[in-house]
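Accompanying notes for the structure given below.
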Amino acid sequence: MSEEIKNKFTPKKFVKNPIKVTKCTLMISSAKGGVGKSTFAVNLAFALQNIGKKVGILDADIYGPSVPRMMGISGRPKANESKKLIPLENYNIKCMSIGFLVDVDTPTIWRGPMVMKALEQMFNGVEWGNLDYLIIDLPPGTGDAQLSLAQNSKLTGSIIISTPQDVALIDARKGINMFKKVEVPVLGIVENMSYFVCNNCSERHEIFSNGGAKKEASKFGMDFLGELPLETNLRIQSDKGHPICISMPESKIAKSYMAIAKQVHNNINK
Ligand code: ADP
């Protein structure tokens with residue numbers, strides 16, 4: 001990368017003007033991909049909406065923007081007179097995603113500067129209106145993009161999603177340390193895919209082990225926000241663009257998301 005490009009996109013220059021329109025900005029993070037971070041981000045949005053909050057979602061997962069699909073939204077955002085992008089909306093939740101701006105297969109081959117430029121536009125160039133909560137779905141990992149975002153946006157805090165097994169927890173620890181370094185409070189850890197209850201025999205199976213995230217939380221003196229089971233309906237509804245907190249609000253897992261949202265909201269406001 002040339003020095004000129006490097007300087008143009010150094011993290012310090014990035015997101016100078018943090019999102020102002022939102023009362024709380026929460027970053028949803030996982031150090032590993034595929035652990036259910038985006039699913040959590042989307043359902044947390046609906047769970048917060050369920051307690052009367054105005055919520056928006058910013059899908060910053062440049063490597064796999066899955067929020068549009070989970071939210072059942074497609075299309076290209078238009079710009080308003082002040083050249084700000086107008087978020088797309090479904091179920092009364094405003095959403096901006098890198099997936100709206102480029103072909104979904106493209107971002108994986110982006111280089112650093114392009115990634116930074118796109119993220120910069122999504123952070124500073126979106127007309128969110130007034131929100132109580134902006135939820136940011138962060139790309140997995142603890143690289144440059146994650147550090148820049150965490151360092152330069154005015155955040156209320158982050159929530160870390162992990163699965164229970166050791167290989168995931170090793171990475172979750174890296175995530176916790178990254179947030180510590182940039183002084184972003186970690187609001188808590190959630191254990192996803194904690195267990196599976198068989199539809200036929202009702203027996204509980206701990207496929208990826210269980211309880212690891214809780215132990216990790218207590219080791220770091222952080223809140224453990226709850227465990228979420230492996231649940232077939234969650235995956236089916238997500239794939240259809242019907243988040244489970246909207247399509248099956250009475251299900252056990254939707255209630256778990258709602259309990260986590262209340263806990264997060266109460267902790268922030270106490
Ligand atoms: P990440 O954002 O961490 O990459 P996703 O949220 O995209 O992960 O989830 C990856 C896949 O796992 C998706 O197909 C999603 O529907 C599924 N998934 C996530 N959490 C659960 C769960 N608790 N039970 C069943 N499937 C889940």
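Read-outs: derived from the displayed coordinates by stated rules, not from any lab. The structure presented is a predicted model; accordingly, all values stated were derived computationally and were not measured. Methodologically, a virtual Cβ is constructed for each residue, glycine included, from the backbone with ideal geometry; neighbour enumeration extends over all protein chains shown.
Considering the chain as a Gaussian network with a 10 Å cut-off on Cα pairs, which listed residue, THR232, THR163, THR39, attains the greatest mean-square fluctuation? Per the Cα network of the chain with a 10 Å cutoff, THR232 tops the list. Neighbour counting of Cβ atoms within 10 Å sorts the residues ILE189, ILE51, ILE160, ILE244, fewest neighbours leading, into ILE51, ILE244, ILE189, ILE160. Per residue, the convex hull spanned by the Cα atoms of the range 157-270 amounts to 120 cubic angstrom. For the residue pairs LYS23/LYS219; LYS117/LYS181; LYS180/LYS215; LYS23/LYS154, the C-alpha atoms sit more than 22 angstrom apart in LYS23/LYS219; LYS117/LYS181. For the range 143-270, the dipole from Cβ point charges (+1 on Lys and Arg, -1 on Asp and Glu) about the Cα centre works out to 360 debye, to the nearest 20. Distances longer than 23 Å among the Cα atoms of the range 51-143: what percent of all pairs is that? Of all Cα-Cα distances in the range 51-143, 19 percent exceed 23 Å. Between the amide H of ILE51 and any residue lying 5 or more places away or on another chain, no distance stays under 5 Å, with hydrogens modeled in the peptide plane.
Please report the relative contact order for the chain, taking Cα pairs under 8 Å with a sequence separation of at least 6, and give it as a percent rounded to a whole number.
On the way: 528 pairs, mean separation 67.8, N = 270.
Across the chain, relative contact order equals 25 percent.
The aspartates and glutamates within cross-link reach of LYS252, meaning a Cα-to-Cα straight distance under 14 Å and a gap of 8 or more places when in the same chain, are GLU227, GLU231. Positive-end ranking of VAL182, GLY211, ALA259 along the dipole of the chain, with charges on Cβ about the Cα centre, is headed by VAL182.
Express in % the proportion of alpha carbon pairs of the range 62-205 at distances exceeding 29 Å. That tail contains 25 percent of the Cα-Cα pairs. Restricting the calculation to alpha carbons of the chain gives Rg and Dmax of 17.9, 62 angstrom. Fewest-first ordering of SER38, SER194 by other beta carbons within 10 Å of each residue's beta carbon gives SER194, SER38.
Overall, the range 35-138 carries a charge dipole of about 100 debye about its Cα centre when +1 sits on the Cβ of Lys and Arg and -1 on the Cβ of Asp and Glu, all other atoms neutral. Charge dipole (Cα centre; +1 on Lys/Arg Cβ, -1 on Asp/Glu Cβ; no other charges) of the chain amounts to roughly 780 debye.
Note on MET114 and LYS240: their simple-model spin labels are 3.6 nm apart, each label 7 Å out from Cα toward Cβ.
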